1. Roughly how many debye, to the nearest 20, is the charge dipole of the stretch 273-407 about its Cα centre, given +1 on each Lys and Arg Cβ, -1 on each Asp and Glu Cβ, and no other charges?
2. If packing is taken as the average number of other Cβ atoms within 10 Å across a peptide's residues, how do 146-152, 443-449 rank, most packed first?
3. Could you give me the ³J(HN,Hα) list for the stretch 407-420, computed from phi with Karplus coefficients 6.51, -1.76, 1.60 and θ = phi - 60°, whole Hz, x at Gly and Pro?
4. Projected area of the stretch 332-473, taken from the Cα convex hull and averaged over every viewing direction, in nm²?
5. Measuring from centroid to centroid over Cα atoms, what is the spacing of the stretch 367-429 and the stretch 167-182 in Å?
6. For the stretch 201-325, compute Rh as the Kirkwood radius over C-alpha pairs and then the Stokes-Einstein diffusion coefficient at 37 °C and 0.692 mPa s; write the answer in µm²/s, rounded to an integer.
7. Specify which residue in the list L301, M402, I387 is farthest towards the positive end of the charge dipole of the stretch 282-420, using unit charges on the beta carbon of Lys, Arg (+1) and Asp, Glu (-1), about the Cα centre.
8. Over the stretch 207-249, what percent of the accessible surface lies on carbon and sulfur atoms, probe 1.4 Å?
Amino acid sequence: MNEGPVLHGSPYVEQIEKYAHSLKQLSRTFLGLEEKKKAFSNEEIEEMFTRVREKVCGKCEKCGWCWGENFVHTYQMGYELLSAVDQYGNELNTEVKRKLMQRCIMAPRFLREMLAGFHDARQNIIWVNRIARSRESCAIQMDTFADMIENTTRELENSIFTDERLEKRITTVLKKKGLRVLYTYFFMNGEGKYEIHVTVRSIRKQKVTVKEVVSAVSECVGRKFILPGDSARMIGSEYMTVVCVEGPSFYIMHGTARIGKDCDRISGDNFALMEMPGGKYAVALSDGMGSGETACRESTLVIELLEELLSAGFPEKTAIQMINTTLVIGREEIHYSTVDMTVFDLYSGECEVIKAGASSTFIKKKDSVEHLSSTSLPIGVMNHIEIDSVKRQLEDGDFVIMVTDGVLDALPVGEQDILLETIIQGSEIANPKEMAHHVLEQVLAWTGKEPADDMTVMAVGIWRDNSLHLEMN
């Protein structure tokens, strides 16, 4: 009999890693296919000459001479034309046009067909390169997804453990409450926090509340467990799995203040607050290109995709990179959006500030204000982007304040960060909503004008949750 917790390997991990390996192989295959074209092939150039010879020269009395004994000069003239078109476009320089008129009695038609052949071949290169870029984007997407799968499976394998004594204790306590335990699974994350899954059903006609199960597990383990927000309330005669998650040490509260360009009711800025697996909480802010409805659609798309991926458990940077690829692939025009995200670890009090083309973030502590800036590009511009991130340890009562470009741009150039630091530092407000409105009002008062861009301020405060302490038995 085991006397304590023992790490347990999952038989499914190896299979999942095989899936990840296959995705990487597929990614490499995509990248190994036809590469981007930088110049015309010999076959494409020959097709241009053939087109001119058939459509123009075939009806000319000098065709035999031009494409026979004088074909070297004819080809030379054609190459000079192609070189001039490549350099000057359809508006050829005077010297090239003069030479063509001297050498060819059907110069206008010759030029027209040569230009048509050139543009057809160039359009083919554009499509080939577009397909190559799409394949590259898909390869990046698959590679990113494969890395995420590998990392997740390793974390899962390292988190699973067995503890026969604890399992029996939980089974005994729940049996006294009229519940039959089918399975019990134990997980422990990298910070030593427990997650216990108990599959149970009632063996009596009377239903048992899920909260009773969580309370019993807390008592057996000697740790305070809570329920995820979307959990069921009652346990009946059918087996169901109750997920008991160890309660975090911190909680956050947030507030938002915003105004559209020229006081427009539609803002191109959008935001979201998301509960994430593992006791994390994300606050995301996106500023779409421009302002108004178009910018709003772009930033809404980014925020909705972020919510979907993060709630499913995708790592933050992986999610942003996948959204970037989605925005780039198959679009004729560039529509970029910034991503400004702060992820709070409610167990440790640490936060990670993640940026893609976003404005500065400010961290307000009791006696200081720090601003964190970024030089990365927004998403939707290039296939692969660099994502800036930095971690900071927060204490009880600290604030993280996020703003869009419109807020900083309203302040004098070169003094923006310092002025906003001064505004934040000079406030003793402890309510996040009041803090956000205070910052926005102070910036608007400084300018004395209607907003020249969409403006959004998000303030997030973090506090220690003393109600979750549990005395060990």
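The values are calculated or read from the model by the stated rules, or taken from the named source; none is laboratory data. Note that this is a predicted model, so its numbers are computed, not measured. Positions of Cβ are backbone-derived with ideal geometry, glycine not excepted, and every protein chain shown enters the neighbour counts. Just so you know, the surface numbers come from the protein's heavy atoms only, side chains and all, with ligands and any DNA or RNA stripped out. Shrake-Rupley method; radii C 1.70, N 1.55, O 1.52, S 1.80 Å.
1. Working: 10 positive and 22 negative charges, 36 e Å.
It works out to roughly 180 debye.
2. Details: 146-152: 17.4, 443-449: 13.3.
Result, highest mean Cβ count within 10 Å first: 146-152, 443-449.
3. 5, 5, 5, 6, 9, x, 4, x, 10, 4, 4, 5, 5, 5
4. Working: hull surface 45.7 nm².
For the stretch 332-473, the mean projected area of the Cα convex hull comes to 11.4 nm².
5. 51 Å
6. Once the numbers are plugged in, D ends up at 185 µm²/s.
7. Among L301, M402, I387, the one farthest towards the positive end of the dipole of the stretch 282-420 is I387.
8. 48 percent
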